[in-house]
Each structure stands twice: as C-alpha cells, then as structure tokens.
Amino acid sequence: MNSASLYILSLSLISISLHAQQANIIFEGDTLGSNPLQEVVVTATRTDKKIEELPIPITTITSKEIKDRGMVRLNEILAEQTGLALVGDHGTGVQMQGFDAQYTMILIDGEPVIGRTSGTLELPRITMSNIDRIEIVKGPSSSLYGSEAMAGVINIITKTPKKGLSGELSTRYGTNESADVSIDAAFRTDKFSFSGFVNRFSNGGYSLMPETGFQTVAPFAAYTITGKTGYQFSEKTDLNVSLRYYDNSQDDRYAVESRAVSGVGLQRDFSFFPSLTHRFSDAHTSMLRFYRATYKTESSISYEDTEELYDETFFDQGFTRGEIQHDYTMRSNLVLTSGLGAQYETVEATRYDDKKSFNSGYAYAQLDWKLLDRFNIIAGGRYDMHNVYKSQFSPKLAASYRLNKKITFLASASRGYKAPDFRQLYLNFSNAVAGYSVFGYEDLQENLQRLQDEGQISEVLIDPSTLSKLNAESSWAYNIGVRMRPVDNLIANVNIFRNDVDNLISTASIAIKTNGQSVFSYFNRNAVFTQGTEADLTYLLSNTLEIGGGIQYLEAKDVDEWNMVKEGRAYTRDPETSQTVAVKRSEYGGLLSRSKYMANARISYLETRSGIRLSLRWNYRGRYGIRDVDGNGIINLDSEYVKGYSLFNGSISKSFLNNNLRLQFTADNMLGFTNEEYISYLPGRLLYAGLSYSFSK
Amino acid sequence: MEIKFNTLKMLSVAFILGAFSLSFASCSKNDEDDNVIPELEAETVADLDGSQGPVFFSLSTGTAVEESATTWDIKFNNSNFSFGNGAEAQVMEGIFDNLVVAPSSAYSMEDLAGIGSVYTYSGPPNHIVTPTPGRILVIKTHDNKYAKIELISYYLGNPDTNSESFINLETRPDSRIYTFRYIIQPDGSTNLK
C-alpha cells in the first residue's frame, strides 16, 4: 500500500465520522457482566464453541473490560491477567505457564502476527482499537496451530460491525507525552460490511536513569491502519478481506563506549487476509483462507561527534500461507474439523548471508464429540512437514465431564512444538567490539571453515560434521482443572498444569578464536519442566459491583540443574563462613525470570445515577531470578532475585449523551514503582486522560 | 442454595490447597546435610598479602616463604596459581569436608588460571572476583604429601561481596589478599578426612 492510498483511506474515514454527527443514539447496556460461560469462542477448537462446552481452559477479555480499564495496547491488558507476566527482552513480551515470550503465538483473527526480535513479539505494536475480544488458551495448541503455540495462543478477535453506520473517535493522552488517537468507522447492510480504523500511538520516551543523559525507552510514533470488508454472495457464501498496516519510527540514542550514537529505526508490517466461507449444507462448511504478511525493519545509527556510521541493519521477513478447513457435522453431537495448508516463509537481513526461505505443509484433524450430555471429548492432531528440520506430529486429547450445572472437570494431554527459527538456522553474526561469532546450525560448517581458512580459529571444540541435525523443541503437556459456577454470579476456574519440554535450543561454544573469544552455535541441549496451579475467580456482587482475583503458583526448572541439586552436586558458599556448602532443594530458584507466585485482584463499580464507572486493580509479581552471583550458574541466593513488587492501577470514567461520550482518567502504577536496574518496561506512575465519542445509525 | 454453595466453596478451597501441598511436597524432603565429620584439623590462612606481587606459600610449614626457598608449593599471582619445587595440583569438584581421599593421579605442574576454574569473575559493572563454590584445589606438595585447599576470599578481611560498601569501588577492600583453608596429611597417604 503506498502513502497516497493511505492518505485517501484516512481522509475518507475522517469524513465518515464528521458526516455522522447527527446520528441516532443506541442505548448501551448499562450494567456489568452477563453469563460469560455462554460466550462463543473460536481459538481452542477453530470452530465456534461455547466456553461451558469446552474441555480446554480458555480466558476471554472483552473490549468493554479493556475500555473500562482505559487501555489502548495489548501489553497493558495482558499485564493484568492471571498467570501471565510481562518480560522485557528485546521488547516487551509475555510469559505464559513459565514459558518465554517466543513460545506464545499471537494471532489476529486466527492468523499469526509475525516479526519477532530474539523471539519476542513487541506487544505494544498491537492496538486495542476496534477489537471485539481477546481469547487466551494456555497450554500447547500445536495440534491446531503448529509451531510456536507451545505455551499457548493469544487470539485477538476484531469487531464485526453492527448494522448501519457506526464510528468512534477515541483519544488518550498522558505521562511521557504518550498519545493514542483512533478513528474508526463501520458500515453494514444485509450483504455488505466494511470497517476500518486509523490509529496513531506515540510516546516521548522515558529515562529510568536520567543522570546518564540517555533514555531507557526511545521516543516513537506508530500508525496502524486497517480495513476489513465482507460480502455475502448468498445465504451460503461469504467473502471477507482484511488489511492491516503498521508503521513505527523510533529515535534511538544511546552510548557506545562513552560516545553517543543516534539514528532512526523504522519498522513496518503489512498483512493481507482474504477468506471465503461456503456452507454446502447444514453438515458441511468449508473455509478457504489466504494470508500474506510482511515485516521489515531498518535502522541506521551514527556517532554524534564524528557523524561516522556506527551500525546499519535491515530485516525483511515474509510469510505466505494458504489453507483450507472443512467442518463436517457428522451427527448433532459429533463434529469433524480438518484442514490442509502450505506455508512459505522468507527472511533477508544484515545478519544472514543471503535470502533464506522455508517451505512447509501441514494437515490437521479434530473430532469434537459430545457424549451422554455430560462428556465432551476433543481428539485431534496436526502433522507438519518442513524442508529444513524433522517433521512433527502434535496430538491432543481433551475431555470434560459436567458433574452438574455447577461443576465441570477438565483434563487434557497434548504435544507442543516450536520449530528452530531463522536465527537458529542461519544467523551469521560477528561482534566487532567483543570479537565473538554466532552461526546458525545450517551454515555452521561453511562459516567455521571460512574462519579456519582465514587463520582465525585456534581450537575446534566440537567438529560440526559430528553434530546431529537441529530439531524442533517439543513438549508434552498435561492439564487438569475444574470450572465452577456455584451460584449464578460467581465463576471460578482452577487449573493444574505440567509441561515437560525437551530439546530446548540454546547456544554453546563450538570453537575458540585466536582472539580468545568463542564461536557459538545452536544446539538441542536442555530439558526443562514447568508446573503449577492457577486459580481465578470473578464474583458479581450486584448488577453494578464486580470483584475478582487470581493467583498462580509456578515451578520452572532445568532438568540437569535440578538433578544436580537433588544429588547434592550444586554448590554455593555459606554467607557466614564463605565455605562451600551444597545448595538445598528449597533454595533452588529454577529458571530465570520466573516468579513462583503471582496474584491479582480487581474491583469494578458502576454508580448508575451519575454514570460514573470505577475500576481498581492490584497486580503482584513475586520475586524472580535474574542473575547468578555466587558462580554456580544457578539461582539460589536472595541476592540473585529481583524483589517482588505490586502495581496498583485504576481508572474512573463518566459517560454523557446517552453513553456516546466518555471521559476517562487512568492512573497506572499509582505508587510509581520502578526498578531501573532490571525492569525497563515499567516507567513509573502513568496518568492519562481520555475522551471518546461513538455513534451509530 | 446457601449450603450447597458453601460445600462447593469448601471443595474448591480443598482442591487448591491440595494442588499447592502437592507441589510443595516435592521440594520439602531431604534438605538436611550429610556432611562428613573431619578427623584432620583444617588450618585457615587469613589475609595472605599478594597485593604487592606474587606470594609463595609452603603447605608443610603453613607460612609464606621467599621465592628462593625450596619449600614453597603454591604461588598466588593475582588470580592465577603456579606450583613449584615439584609440587603438582588438580582442581576437584565437591565439598571440602567430603573430599576424604586425594586422587593418586592426574596432577599437573602447569600454571592454573583461576578465573573460570577456582574463581568466578562477575564482569562489569562490579568486577568482583569470588571463589567458585564447590571447587577444591588438591595438591601433591613438594615433599610428596597430599593436601586440599578451599579458597575463601580474594579481598582483605573476607568481606561480604554483596554489601553496599563492597560494591562501591571507593570503599572496596584491597584485592589479591587471600584467605583460604587447607588440610595436609602429614603421613604421606591420600587420606584427607
């Protein structure tokens, strides 16, 4: 999409919103809540299904909740969900069931968002404009979605327009010159629908250590423009096309060996997603989907004093997929869902030798069987074939048993996997300052040979020809839980999970260079496990007052480390005597960045006479390991943790003009907690004011 | 209704508690020490000063000696070690008291780089050298006695390396001042209990 057409698109959207000022007003439900278990979700089975019938735990967040909390970006809402934690590693990502950000798949309307840096998909990239709800499925969903869905899936479902013309203008402004402006418009007749929005999100950046003269997070301005249109050819056939464009430019400035460097970083992504649905009969429905996404970054950084170029990089990723899914309702209680797809991915970047590409194909099938009105069984699997690494089969079996109207038990076992990414296969990177090199597995032999020919290698530790092929990381996951609705106004979920992960890919030294530095490559090395329990409760005390809360207890351990601790072979020094003692089992802190305890509580209240809405939330993240201090390579001392912390967020809003105009004040992190050393994504107290106007006709 | 709700509440609380206790149970057992009671007495050398240059130590006399002396076994040189007069060494893993028998072979006269073996260097920003936990230097001395050494500190006064005053480079005690403990078996056997 070129800039001219963008301009026209945005102009037409603005004119629609201006045109509709005298629109009629629709009364929006003024109380909180309904029966959330009746909600229909799609992510867990790739078919429409009520939550109460699902044998798989799922969480949904409605756009109303997001608005009532004054939130505009994906990271803000995920930070407050039970069992999820934000992690800062080349961006802000999400940790789920103790897995790093790279193991959670992020989808928009069922199609993956691409563009990750060291595995992290920067969550603030995704606006909460024009969305209907977010669905979160924890535990592997590789049986439907393939690679990346090892920890779980977060699916952002965009809005389907209401009949007639509707639109909204919303703005939020606050601390750090943070500004978010969205204009969206939608139109729908019996056969045709169109919706789209333009969003601008900018921030002046902030510094957690102002004395350095540099900002922790750089100023940026990002635009998101989307358009979605649908046409119903007949009762039986619909066509939908979605477009999404995102553009971010960021003013980077930091110090390299006491010299200031600066420059602009650009990032653009684009996606195009047409789909055609045809209902052959009541029993047969097919959906043909095509998805093309691109993600590009460009950065040029120069020394400020000499204007000499310091670093110039680019990264271009392309993802194309064609897929057909067929749903066959064999009997009223038995649905077979199956699909076939082919995928083509490319990457071209400064740190890769030339353009690299992946081809893969897959097929999946799933049976959804309701038995005796009490059991629901889902059995399925997906087979992925790939031109570079070994094929993967990911089965899943899930069952629920409804004891009575109030209690349903759930259990599932499934396999998850994550394919080696481009970086792990093809990276060719030498750090000019520090002198080390990192090579992806596929090109390792060639690159190492080149260094040997150049006389740069003093010792080869592992002969690359003896290495076995890099494999996908894989897991077995087990989940048991209970979904309870003991009284009409109370919903509680408890889940216990265990993930056994094998073949984790990590870097290790393969050769020593003559400068004493290492050559690193990627290996399937570690096994880890995560296990824990999660409980969440929502209670509607009255039509206008809702309270809720959740906790997660988590253990995430490296299998080798844990064995060493159990066998008394992990050592530390006694703080009193400085003499070596064995690390006790209770002292072993497991994997970095995992909190054993997390908790949250929330209350929302609507004062019906004044129309004032109040929302207050508390989020606690328990301490988590950050570094090794005593030299044993594991987390076991108090000084190796980041202290636990609490965040208090709140918002107050009042609606006017029959709910069409809303004024909102938001305070995030009210007590202003920061940790300049270890938590870059928490800028301190954030105050915002927001104003939004919506109409429909 | 009320009664039923309470029963269910109890049930769910029990369920959560059950889940928690299950996960705790797996890590609460077997945390007591099973250390050996030593028979030989360990000598502790406090603040052996190597800050003005290498320092030479004789395990049989338990003192620092001149470089020219024929009795020194181990030379402390910054974070590195050398062995003299025929003394040999190897690094072993484990707990000092639990290493009850010295190996009879695999000793080496080669210099030993401390960082990455018996010492850990924190790197920037704090640049701290600490003895690596679980590393024992086993020495066959110049006069063919077996000994074991556990390094305790690289800084004057064996300070707490996590303390504010230590992290601050202005107030950090001098480095290359060694504290360690050792046991030497005078009878020439490999028994180090």
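The values are calculated or read from the model by the stated rules, or taken from the named source; none is laboratory data. Small disclaimer: the values here were computed from a predicted structure and weren't measured. Quick reminder, even Gly has a Cβ in these numbers, built from the backbone with ideal geometry, and neighbours come from all protein chains shown.
Restrict the check to the stretch A:483-492 and report whether at least one residue is part of a strand (DSSP E or B) and either of a type in the set (D, E) or away from chain B (no Cβ under 14 Å) (or both). Steps first, answer last, please.
Applying the first criterion (part of a strand (DSSP E or B)) to the stretch A:483-492 yields A:483-484, A:490-492.
Next, from what is left, pick out any that are either of a type in the set (D, E) or away from chain B (no Cβ under 14 Å) (or both): none.
No.
Taking A:H326 as meeting all but one of (1) over 20 Å from A:H386 (Cβ atoms); (2) loosely packed, with under 14 Cβ neighbours inside 10 Å, write down the number of the exception.
(2)
Within the stretch A:464-478, is even one residue surrounded by 19 or more Cβ atoms within 10 Å (Cβ to Cβ), within 14 Å of chain B (Cβ to nearest Cβ) and not small (G, A, S)?
So far as the stretch A:464-478 goes, no, none of its residues is surrounded by 19 or more Cβ atoms within 10 Å (Cβ to Cβ), within 14 Å of chain B (Cβ to nearest Cβ) and not small (G, A, S).
Taking the stretch A:161-176 on its own, how many of its residues are outside any strand (DSSP E or B) and not β-branched (V, I, T)?
Filtering the stretch A:161-176 for residues outside any strand (DSSP E or B) gives A:161-163, A:175-176.
Next cut, not β-branched (V, I, T) only: A:161-163, A:176.
Qualifying residue count, the stretch A:161-176: 4.
Could you list all residues from the stretch B:134-172 that are within 14 Å of chain A (Cβ to nearest Cβ) and part of a loop (DSSP other than H, G, I, E, B)?
Listed by number, the residues that qualify are B:G134, B:L156, B:G157, B:N158, B:P159, B:D160, B:T161, B:N162, B:S163.
So which residues in the stretch B:100-130 are part of a loop (DSSP other than H, G, I, E, B), in contact (Cβ under 8 Å) with a residue 40 or more places away in the chain and at the interface with chain A (Cβ under 10 Å from one of its Cβ atoms)?
B:N126
Restricting to the stretch A:600-643, what's the tally of residues that are in contact with a Leu (Cβ under 6 Å, 6 or more places away or on another chain), away from chain B (no Cβ under 14 Å) and without any contact (Cβ under 8 Å) to a residue 12 or more places away in the chain?
0
Search the stretch A:380-408 for residues that are assigned to a loop (DSSP other than H, G, I, E, B) and charged (D, E, K, R) and pair each with any residue that is buried (at least 16 other Cβ atoms within 10 Å of the Cβ) and at pLDDT below 95 when their beta-carbon atoms are under 9 Å apart and the residues are at least 6 apart or on different chains.
Once the first residue is assigned to a loop (DSSP other than H, G, I, E, B) and charged (D, E, K, R) and sits in the stretch A:380-408, its partners that are buried (at least 16 other Cβ atoms within 10 Å of the Cβ) and at pLDDT below 95 give A:K390/A:N471; A:K390/A:A472; A:K405/A:R485; A:K406/A:M484; A:K406/A:R485; A:K406/A:P486; A:K406/A:V487; A:K406/B:L8.
Only residues in the stretch A:238-261 that are in contact (Cβ under 8 Å) with a residue 60 or more places away in the chain count as the first member; pair them with residues that are aromatic (F, W, Y) and part of a strand (DSSP E or B), Cβ under 6 angstrom, at least 6 apart or cross-chain, and list the lot.
Correct list of pairs: A:S242/A:F273; A:L243/A:F272; A:Y245/A:F270; A:N248/A:F220.
Taking the criterion of being facing another protein chain (nearest Cβ under 8 Å), in a strand (DSSP E or B) and over 28 Å from B:M92 (Cα atoms), would at least one residue in the stretch A:572-587 satisfy it?
no
So, A:S646, is that one buried (at least 19 other Cβ atoms within 10 Å of the Cβ), of a type in the set (S, T, Y), more than 10 Å from chain B (Cβ to nearest Cβ) and not in a loop (DSSP other than H, G, I, E, B) or not? Outline the logic, then answer.
Values: buried (at least 19 other Cβ atoms within 10 Å of the Cβ): no; of a type in the set (S, T, Y): yes; more than 10 Å from chain B (Cβ to nearest Cβ): yes; not in a loop (DSSP other than H, G, I, E, B): yes.
So A:S646 fails the test.
Looking at (1) away from chain B (no Cβ under 12 Å); (2) farther than 18 Å from A:V629 by Cα; (3) surrounded by fewer than 21 Cβ atoms within 10 Å (Cβ to Cβ), which is the one condition that is false for A:G568?
It fails just one condition, (1).
Please go through the stretch A:459-499 and pick out each residue that is among the polar types (S, T, N, Q) and under 30 Å from A:Q445 (Cβ atoms).
Correct list: A:S465, A:T466, A:S468, A:N471, A:S474, A:S475.
State whether the residues of the stretch A:287-305 include one that is loosely packed, with under 14 Cβ neighbours inside 10 Å, among the polar types (S, T, N, Q), modelled with pLDDT under 95 and out of contact with any helix residue (DSSP H, G or I) (no Cβ under 7 Å at 6 or more places or on another chain).
There is no residue in the stretch A:287-305 that is loosely packed, with under 14 Cβ neighbours inside 10 Å, among the polar types (S, T, N, Q), modelled with pLDDT under 95 and out of contact with any helix residue (DSSP H, G or I) (no Cβ under 7 Å at 6 or more places or on another chain).
Might you let me know whether the stretch A:520-529 holds any residue that is facing chain B (nearest Cβ under 9 Å), surrounded by 22 or more Cβ atoms within 10 Å (Cβ to Cβ) and in a strand (DSSP E or B)? Write out each step before concluding.
Taking the stretch A:520-529 first, the residues facing chain B (nearest Cβ under 9 Å) are none.
No, because not a single residue in the stretch A:520-529 is facing chain B (nearest Cβ under 9 Å), surrounded by 22 or more Cβ atoms within 10 Å (Cβ to Cβ) and in a strand (DSSP E or B).
So, in the stretch A:362-379, exactly how many residues are within 28 Å of the chain's Cα centre (by Cα) and within 17 Å of A:L410 (Cα to Cα)?
Taking the stretch A:362-379 as the starting set, the residues that turn out to be within 28 Å of the chain's Cα centre (by Cα) are A:362-368, A:377-379.
From what's left, within 17 Å of A:L410 (Cα to Cα): A:367-368, A:377-379.
Result for the stretch A:362-379: 5.
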